[in-house]
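What follows is a single structure, written as structure tokens, with notes after it.
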Amino acid sequence: MIHFNSKNYSNETLVSLYKALVFPRLIEEKMLILLRQGQISKWFSGIGQEAISVGCTMALEPDEYILPLHRNLGVFTSRNAPFTKLFSQWQGKLNGFSKGRERSFHFGTNQHHIVGMISHLGAMLGVADGIALANVLQQKQKVTVVFSGDGGASEGDFHEALNTAAVWQLPVIFLIENNGYGLSTPSNEQFKFKQFIDKGIGYGMEAVQIDGNNILEVYDTISNLAASIRLKPRPVLLECITFRMRGHEEASGTKYVPQELFDMWSKKDPVANYEQFLLDKNIITQEEIATIKQSLKKTIDEGVADVMNEPDITPDTATEIADVYMQVEPTASSDYGHLQHVTVKPATDATKNMRYVDAISDGLRQSMEKHSNLVLMGQDIAEYGGVFKITQGFVEQFGKGRVRNTPLCESAILGAGYGLSIKGMKAMVEMQFADFVSCGFNQIVNNLAKSYYRWGQNADVVVRMPTGAGVGAGPFHSQSNEAWFFHVAGLKIVYPSTPSDAKGLLTAAISDPNPVMFFEHKVLYRSVELEEAVYTDYYELEIGKARKVRNGSDVSIITYGAGVHWAVKHVTALGIDADIIDLRTLLPWDKEAVEASVKKTGKAIVLHEDTLTGGIGAEIAAHIAEHCFKYLDAPVIRTGSLDTPVPFNMKLEQNFLPIERFKTDLNKLLNF
Ligand SMILES: Cc1ncc(C[n+]2csc(CCOP(=O)(O)OP(=O)(O)O)c2C)c(N)n1
């Protein structure tokens with residue numbers, strides 16, 4: 001039995017809560033019928049847990065973001081997402097929220113201030129941090145609520161997101177629906193602590209536990225918490241005790257749940273109990289209840305009928321491909337001074353000698369000046385200036401709000417970058433070393449990369465990646481990992497080799513509304529050999545265009561990063577008549593430039609520092625073989641590092657790198 005305390009809420013409020021509560025229940029009942037009839041394919045039920053979704057949503061202001069999960073239909077209905085559009089979404093129809101590209105609740109709608117889940121549990125918790133951070137930076141007194149199940153809370157993302165929110169005092173309610181099971185796994189096989197609120201002290205945040213089946217308790221608690229958090233931003237952990245009355249999804253059954261639990265919790269049904277309370281208190285009559293249900297059922301039945309009549313999607317490949325990236329009006333590019341493919345020219349011809357590291361810092365600083373909505377996040381990047389000192393002096397110029405030291409939470413911070421873009425901001429996340437991106441991999445490949453295609457929300461995030469070997473730093477500070485991302489639709493990959501390119505491509509990457517992985521070679525950072533005159537004013541280069549480093553006719557050397565300098569040095573020393581192409585952008589890469597060069601020389605070698613197998617050279621070599629076959633006078637050669645981890649000993653490392661092998665391979669190719 002549930003004890004309801006209506007406090008001084010008006011009858012109107014109490015009845016509106018009832019209407020909102022019963023709606024998702026009626027929808028679910030209909031879905032279960034349709035499932036049995038074979039008219040829908042799958043259903044994740046939230047029956048028994050509706051009071052949490054509904055009470056929470058009704059307690060918030062309509063423009064406060066909610067990040068729900070697969071059992072939170074009540075969030076969508078309480079935000080008035082039209083039932084017909086929801087049902088279209090579930091049926092994979094074009095009129096759904098994601099044009100048939102995503103399943104059930106995996107979509108967002110900024111119109112309703114809802115950011116739905118991806119399948120990976122825990123992944124949205126850091127995103128909530130970013131939305132909340134945007135609210136703080138934009139001085140908006142708003143709360144963000146993100147849901148987690150008790151099972152999902154075992155993910156590392158949970159820890160990172162709560163920790164970051166606590167350190168930054170972000171206005172987020174981390175709402176845990178503790179329903180005792182994660183799929184079939186009971187709590188005692190999921191965690192050892194007694195209750196989630198015990199974690200509050202560990203994170204340095206308030207923690208509150210409530211009866212999740214009591215809509216008034218949920219509504220009242222969240223209303224009060226939200227009011228207080230709006231005035232004094234801080235995170236709160238809210239544990240809602242509840243029970244899942246059906247299987248994880250309908251096909252998976254409930255055999256593992258003891259019957260006593262069902263018997264006990266069915267007495268605590270959130271809808272039936274609240275209905276009885278309203279009847280007992282004469283706040284509503286049986287007739288009124290019948291009228292409410294009848295009207296909601298009509299909406300449901302009509303919606304179902306409409307969607308069943310909607311035609312199935314006719315795929316159009318061009319549309320699908322076009323929606324992988326947010327399109328920007330193309331700006332014509334032209335050469336300017338020593339720069340190739342300039343889209344935004346520098347205002348004056350003033351130059352200054354800069355090393356690669358200086359040029360990156362300069363481009364980043366000018367981007368901060370240009371985009372007032374750009375936020376930098378990374379470990380030790382504030383007062384300390386970053387381990388490579390790229391952001392030295394930035395805190396003084398831009399303040400700690402926009403130049404943020406982060407805890408060691410790569411995943412939560414990358415998620416926060418995505419959250420900032422949902423609120424119209426831009427983020428640059430610095431990996432301390434490119435190697436550490438593995439700890440945030442999921443955010444990049446599943447959240448940032450797929451968001452625009454899934455629901456039209458771009459992820460305006462640049463991830464800076466200090467990369468590469470040659471400094472005796474061993475296997476975990478030296479990797480070339482650009483190929484990890486090369487296969488992921490939705491990302492762009494930029495990898496400059498000179499100071500001028502580094503500045504112009506970093507500014508372009510930050511201007512670009514899509515997620516960009518920006519690789520910076522650590523050996524190049526402070527190389528004096530590379531120092532050159534760089535335009536001091538702001539300029540941008542075109543992403544996706546290679547640079548012709550050298551014109552020649554005997555062989556095409558296609559390379560990027562440190563490879564460019566190895567190639568130039570070698571062919572200069574030996575007087576080889578080579579065409580050298582610096583790809584500069586790896587995704588999308590400049591097919592036209594490569595094809596034109598190979599058609600001219602008839603011989604091609606692809607050189608990269610990354611290990612050979614599955615490297616980017618494999619794709620380029622395959623492309624050349626496929627598209628330039630009749631122009632080739634020899635097989636396409638790939639030269640890369642050994643297929644081993646990067647060794648620490650400098651001699652082993654030099655043996656690992658392809659510098660010497662390249663010389664042999666090139667010689668063989670020239671003599672073929
Ligand atoms: C990262 C990740 N691992 C595994 C899964 C598969 N999976 C889907 S739901 C689920 C159980 C989730 O339990 P809980 O978070 O308690 O939520 P509930 O289903 O009980 O509402 C699992 C293991 C997943 N979606 N994401």
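Some notes on this structure:
- Distances between placed amide hydrogens fall under 5 Å for Gly92 paired with no residue 5 or more residues away or on another chain.
- Here the extension length gained between Asp335 and Ile201 equals 42.4 nm, from 0.36 nm per residue of separation less the Cα-Cα distance.
- Stretch gain in nm, segment Val15-Ser41, where the contour uses 0.36 nm per residue and the Cα spacing is subtracted: 6.0 nm
- Ranking of Tyr256, Tyr539, Tyr384 by solvent-accessible surface, largest first: Tyr384, Tyr256, Tyr539 (1.4 Å probe, protein heavy atoms only, all chains present).
- Look at the dipole of the chain built from charges on Cβ: of Val598, Ala489, Asn649, the Cα furthest out on the positive end belongs to Asn649.
- Solvent exposure of Asp198, expressed as accessible area, is near 70 Å², computed with a probe of 1.4 Å over the protein chains only.
- Whether segment 151-289 is rounded, prolate or oblate, judged on the alpha carbon gyration tensor where a/c under 1.5 counts as rounded: oblate
- When the pairs Lys548/Lys668; Lys30/Lys93; Lys352/Lys389; Lys99/Lys268; Lys140/Lys194; Lys345/Lys603 are compared against a 28 Å limit on Cα-Cα distance, Lys99/Lys268; Lys140/Lys194; Lys345/Lys603 fall above it.
- Shape call, segment 330-372: gyration tensor on alpha carbons, a/c limit 1.5: oblate
- Positive-pole candidate from Thr317, Ser252, Gln327, dipole of segment 238-334, charges at beta carbon: Ser252
- Cβ-placed point charges (K, R +1; D, E -1), dipole of segment 186-318 about Cα centre in debye, nearest 20: 740
- Protein accessible area in the chain, 1.4 Å probe - carbon and sulfur %: 52
- To the nearest 10, the accessible area of Lys93 is 30 Å² with a 1.4 Å probe.
- Prolate/oblate/rounded label for segment 506-654 (Cα gyration tensor, a/c 1.5): rounded
- Taking the DSSP bridge list for the chain and keeping only pairs wholly inside it, about 25 percent are antiparallel.
- With the simple model of a label 7 Å out from the Cα in the direction of the Cβ, Ala489 to Glu61 spans 3.9 nm.
- Euclidean distance between Cα centres, segment 604-652 to segment 261-338, Å: 49
- In the chain, the longest principal axis of the Cα atoms and the axis of helix 499-511 are about 20 degrees apart.
- For the chain, the Cβ-based charge dipole about the Cα centre amounts to some 140 debye (Lys, Arg positive; Asp, Glu negative; other atoms uncharged).
- In this rough spin-label picture, where each label sits 7 Å from Cα along the Cβ direction, the Ile321-Asn373 distance is 3.0 nm.
- Using alpha-carbon coordinates, inclination of helix 270-280 to the longest axis of the chain, degrees: 30
- Considering only segment 51-177, percent of DSSP beta bridges that pair antiparallel, nearest 5: 20
- With coordinates expressed along the principal axes, the C-alpha atoms belonging to the chain extend over 95, 54, 48 Å, beginning with the largest.
- Positive-end residue, the chain charge dipole about Cα centroid, Cβ charges, pick of Leu607, Ala509, Gly378: Gly378
- Solvent-accessible surface (1.4 angstrom probe) belonging to Met117, in square angstrom, nearest 10: 10
- With R₀ set to 41 Å, the beta-carbon distance separating Glu532 from Val328 gives a calculated FRET efficiency near 0.90.
- Residues Glu619, Glu383, Glu520, sorted by accessible area with the largest first, give Glu383, Glu619, Glu520 [1.4 Å probe; ligands and nucleic acids excluded].
- Centre separation in Å (Cα based) which lies between segment 119-180 and segment 529-578: 45
- Theoretical gain in end-to-end length, Asp554 to Tyr631 [0.36 nm per residue, Cα-Cα removed]: 26.4 nm
- For the chain, the longest principal axis of the Cα atoms and the long axis of helix 616-627 meet at an angle of about 70 degrees.
- Where Thr13, Thr331 fall by accessible area, highest first, once all protein chains stay in place (1.4 Å): Thr331, Thr13
- Taking the Cα centre of segment 21-114 as origin and assigning +1 to Lys and Arg Cβ atoms and -1 to Asp and Glu Cβ atoms, the resulting dipole is close to 500 debye.
- With the simple model of a label 7 Å out from the Cα in the direction of the Cβ, Met650 to Lys600 spans 3.8 nm.
- Estimated from helical segments only, the mean residue ellipticity of the chain at 222 nm is -11500 deg cm²/dmol, where each DSSP H run of four or more residues counts as -39500 (n - 2.57).
The values are calculated or read from the model by the stated rules, or taken from the named source; none is laboratory data. Computed from a predicted model, the values in this text were never measured in an experiment. Heads up, the Cβs are rebuilt from the backbone with ideal geometry, glycines too, and the neighbour counts pull from every protein chain shown. Accessible surface is based on the protein model in full, side chains and every heavy atom, while ligands, DNA and RNA are left aside. Shrake-Rupley method; radii C 1.70, N 1.55, O 1.52, S 1.80 Å.
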